[in-house]
2 protein chains.
Amino acid sequence: MKVENNTLKQIGEKLAKADSVLLFPHIQMDGDALGSSAALCRAMRNAGKEAFILIEDDVPEYLSFLDNGYCTKDQDCIREPDICICIDCGEVSRFPERQQTFFRGKTTICVDHHTTSQPFADYNYIDGGIAATAEIIYAILAAMDIPIDKEIGEAIFTGISTDTGNFQYSNATKESHLITASLYDAGIDHAHIAVELYQNTRLEKIRITSKILDTLEVFADGKAAIAYVTQDMLAQVGAKLEETEGVVETLRNIKGVEIAAFVKEREETLIKVSMRAKTSGNVAEIAAQFGGGGHVKAAGCTFRKELEDACLQLKEAIKKSLEKAEA
Amino acid sequence: MKVENNTLKQIGEKLAKADSVLLFPHIQMDGDALGSSAALCRAMRNAGKEAFILIEDDVPEYLSFLDNGYCTKDQDCIREPDICICIDCGEVSRFPERQQTFFRGKTTICVDHHTTSQPFADYNYIDGGIAATAEIIYAILAAMDIPIDKEIGEAIFTGISTDTGNFQYSNATKESHLITASLYDAGIDHAHIAVELYQNTRLEKIRITSKILDTLEVFADGKAAIAYVTQDMLAQVGAKLEETEGVVETLRNIKGVEIAAFVKEREETLIKVSMRAKTSGNVAEIAAQFGGGGHVKAAGCTFRKELEDACLQLKEAIKKSLEKAEA
């Protein structure tokens, strides 16, 4: 799981010596990417350094509470940064428009917990066994003896809690809970974070979810579920395709369902499919049949045909996969 | 918050001396009531004692994994129990059909974390500042030096994680995380528990949720949301009224919504209403206008009229409450 890593102490020392730090979360940032970045940015500023989070796409609204004047799209916000550090992204393709700026850093650092990561920076700390990059940030701050204040604590909590599905996913560890426990000493208001993250659902998301569930079909003796969304459906309620996130998990969570597929019409003949398996199913294998890929329990693929045809082909493949697994 | 309590040590010593222990979770048991009971029952059996969980209503299916031969409805399963201990229920009305049996115990004990609890047993440990009764069970076992095995750990984890909404609710504490961290040492499979608890949704629940969301109406300038379910709707998809649990939270989670109301037709002119407030709203006050009650952020009331009339009256009251709050 581990690549050739520097020590947290080495990374901490580099950061301690720097006057300016530019941080790079991955595109389509999530709670861990932005939470980790915000925590480190705030800590660097608390330590008297110039620090910014350089982004290329927008901060999602549900995470906007984390951006306390840290995020900028101005690639020249720091002209000659001592350190450029990419956070929660272990591939340069995850910050495509910011690569040049990244390598302008006098020292480059990468901290990440994705197993697919390959080291490309001067200093690296990549560990696929850690639940969230926010835990690595916590450990770096500890190595640097930088105190965790409420804001840093809440940003780290956001990273850990979102990446572990509120401590439910298999990646959550004893360490995740020990770190979280210590964040309470910094005065975090975890319930407030939950309101920010989960109690600001757009009405349009509710409407489109309801519409999608109307298309829900359970097949293969109740072992598989499929549902779809079309551009028409999105237009009817004014929802965005991104707002269908979470639907495939709802399908997987149906009792008896082993494999769930959610079929998204991006354009008339551009169909994206997300799949999930509950326990024994293997959706990576099904996705691979259509040129897609992913993990055993979460995978996806693309069809260049009409939605109806894509659904038919997919259902056949799912049925066969389930039959094979039973045999 | 605390009532006159015995110490955990005193309670532990009583349990240690007993040969037989009968456990009483509250009716309509939840993850904490049954998880706490299962943890203690297993621990007592591990210590060589006769132990059973006496119930009067059925174990909900999503919690059935906790019942490893512990639950019985046979009030004579232990004829003369040394100890009767009620768990997560601080009022005798919460085990109505088992009261007589409870007081047959040579010693009675009550452990609970509900602030409304009044001591009625020989020994009591009631603390409203604790997130889950499962944490009290953990502390009792620690006081007794009884080791936590995987099964006990998973039952305690179930109690803590369900009662804190996966560590999101304001009741979760540093201690909740520290205890959970230590449960990992017992080898708990927290991801498996999440599958048991949350990935076994009945298809009928999905169907009725979708139908209910079709009735969703947002009013009062987007600050209030209301939706309803009728007996007809339930019959159409074969769902039970209990399966609409969680809908009112979905309504509250809509961006901008401060007050959410979910209106349930129990019979043609028996309408039950659940309400939630997000931050500043006060639903206890609204419920009180109709003879109901509850907390500021979670309350309910009953109408003895047709659903449509109930909705109209309710909407008026909600609008007025929001206007008053703004003024």
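The values are calculated or read from the model by the stated rules, or taken from the named source; none is laboratory data. Every value quoted in this text rests on a predicted model; they were computed, and no experiment measured them. Counting neighbours? That spans all protein chains shown, and the Cβs are built from the backbone with ideal geometry, glycine included.
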TODO: Quick one: which residue in A:240, A:278 is within 26 Å of residue B:260 (Cα to Cα) and of a type in the set (D, E, K, R)?
DONE: A:240
Open item on the list: Looking at the stretch B:171-183, can you tell me whether even one residue there is buried (at least 23 other Cβ atoms within 10 Å of the Cβ), more than 9 Å from chain A (Cβ to nearest Cβ) and over 30 Å from residue B:313 (Cβ atoms)?
Closed with: no
- [ ] Determine, yes or no, whether residue B:286 is away from chain A (no Cβ under 14 Å) and among the β-branched types (Val, Ile, Thr).
- [x] yes
Task: Residue satisfying all of: in the stretch B:27-71; aliphatic (A, V, I, L, M) and not in a helix (DSSP H, G or I); farthest from residue B:158 (Cα to Cα) among these - done: B:47
Task: Of all residues in the stretch B:258-273 being under 21 Å from residue A:197 (Cα atoms) and touching a residue at least 40 places away in the same chain (Cβ under 8 Å), the one that is nearest to the other protein chains (Cβ to nearest Cβ) - done: B:258
TODO: Evaluate the following for residue B:264: is it within 20 Å of residue B:320 (Cβ to Cβ) and among the basic types (Lys, Arg)?
DONE: no
Task: the stretch A:140-170, subset surrounded by fewer than 18 Cβ atoms within 10 Å (Cβ to Cβ) and facing another protein chain (nearest Cβ under 9 Å), residue farthest from residue B:167 (Cα to Cα) - done: A:170
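Let me confirm something: among B:277, B:299, which residue is within 14 Å of chain A (Cβ to nearest Cβ) and within 29 Å of residue B:60 (Cα to Cα)?
Among B:277, B:299, only B:277 is within 14 Å of chain A (Cβ to nearest Cβ) and within 29 Å of residue B:60 (Cα to Cα).
Rundown of residues vs (1) touching a Lys or Arg at 6+ places or on another chain (Cβ under 6 Å); (2) under 17 Å from residue B:89 (Cβ atoms); (3) modelled with pLDDT of 95 or more, yes/no style:
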site: B:108; (1), (2), (3): no, yes, yes
site: B:116; (1), (2), (3): no, yes, no
site: B:129; (1), (2), (3): no, no, no
site: B:136; (1), (2), (3): no, yes, yes
site: B:151; (1), (2), (3): yes, no, yes
site: B:166; (1), (2), (3): no, no, yes
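Yes/no matrix, rows are residues, columns are (1) surrounded by fewer than 17 Cβ atoms within 10 Å (Cβ to Cβ); (2) of a type in the set (Lys, Arg); (3) out of contact with any Asp or Glu (no Cβ under 8 Å at 6 or more places or on another chain):
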{"residue": "B:7", "(1), (2), (3)": "yes, no, yes"}
{"residue": "B:15", "(1), (2), (3)": "no, no, yes"}
{"residue": "B:21", "(1), (2), (3)": "no, no, no"}
{"residue": "B:25", "(1), (2), (3)": "no, no, no"}
{"residue": "B:28", "(1), (2), (3)": "yes, no, no"}
{"residue": "B:34", "(1), (2), (3)": "no, no, no"}
{"residue": "B:40", "(1), (2), (3)": "no, no, yes"}
{"residue": "B:43", "(1), (2), (3)": "no, no, yes"}
{"residue": "B:46", "(1), (2), (3)": "yes, no, no"}
Task: the stretch A:202-224: number of residues that are buried (at least 20 other Cβ atoms within 10 Å of the Cβ), within 22 Å of the chain's Cα centre (by Cα) and at the interface with chain B (Cβ under 8 Å from one of its Cβ atoms) - done: 2
- [ ] State whether one or more residues within the stretch B:106-113 are on the phi < 0 side of the Ramachandran plot, among the charged types (D, E, K, R) and crowded, with 20+ Cβ neighbours inside 10 Å.
- [x] yes
TODO: Check the stretch B:183-196 and report whether any residue there is without any contact (Cβ under 8 Å) to a residue 40 or more places away in the chain, among the hydrophobic types (A, V, I, L, M, F, W, C) and over 21 Å from residue B:63 (Cα atoms).
DONE: no
Open item on the list: Pull out all pairs, ordered by first then second residue, where Cβ-Cβ is under 6 Å, the residues are six or more apart or on different chains, the first lies in the stretch B:236-257 and is outside any helix (DSSP H, G or I), and the second is modelled with pLDDT of 95 or more and small (Gly, Ala, Ser).
Closed with: B:254/B:225; B:256/B:222; B:257/B:225
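Conditions tested, residue by residue: (1) in the same structural domain as residue B:150 (by TED's automatic domain parsing); (2) free of Cβ contacts under 8 Å to residues at least 12 places away in the same chain; (3) among the hydroxyl-bearing types (Ser, Thr, Tyr); (4) farther than 13 Å from residue B:26 by Cβ.
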position	(1), (2), (3), (4)
B:62	yes, no, yes, yes
B:72	yes, no, yes, yes
B:76	yes, yes, no, yes
B:80	yes, no, no, yes
B:83	yes, no, no, yes
B:88	yes, no, no, no
B:107	yes, no, yes, yes
- [ ] Within the stretch A:72-85, identify whether any single residue is surrounded by 24 or more Cβ atoms within 10 Å (Cβ to Cβ) and part of a helix (DSSP H, G or I), and answer yes or no.
- [x] no
TODO: Could you grab me the full set of residues in the stretch A:114-139 that are of a type in the set (Val, Ile, Thr) and crowded, with 20+ Cβ neighbours inside 10 Å?
DONE: A:126, A:130, A:133, A:136, A:137
Task: the stretch A:286-299, subset modelled with pLDDT of 95 or more and closer than 19 Å to residue A:249 by Cβ, residue farthest from the chain's Cα centre (by Cα) - done: A:286
Task: Output for the stretch B:242-254, where each listed residue is surrounded by 16 or more Cβ atoms within 10 Å (Cβ to Cβ) and not hydroxyl-bearing (Ser, Thr, Tyr) - done: B:243, B:247, B:248, B:249, B:251, B:252, B:253, B:254
Open item on the list: Can you tell me which condition residue A:227 does not meet? The list is (1) crowded, with 17+ Cβ neighbours inside 10 Å; (2) in a helix (DSSP H, G or I), and all the others hold.
Closed with: (2)
- [ ] Tell me which of these residue A:141 doesn't satisfy, since it passes every other one: (1) outside any helix (DSSP H, G or I); (2) over 15 Å from residue A:32 (Cα atoms).
- [x] (1)
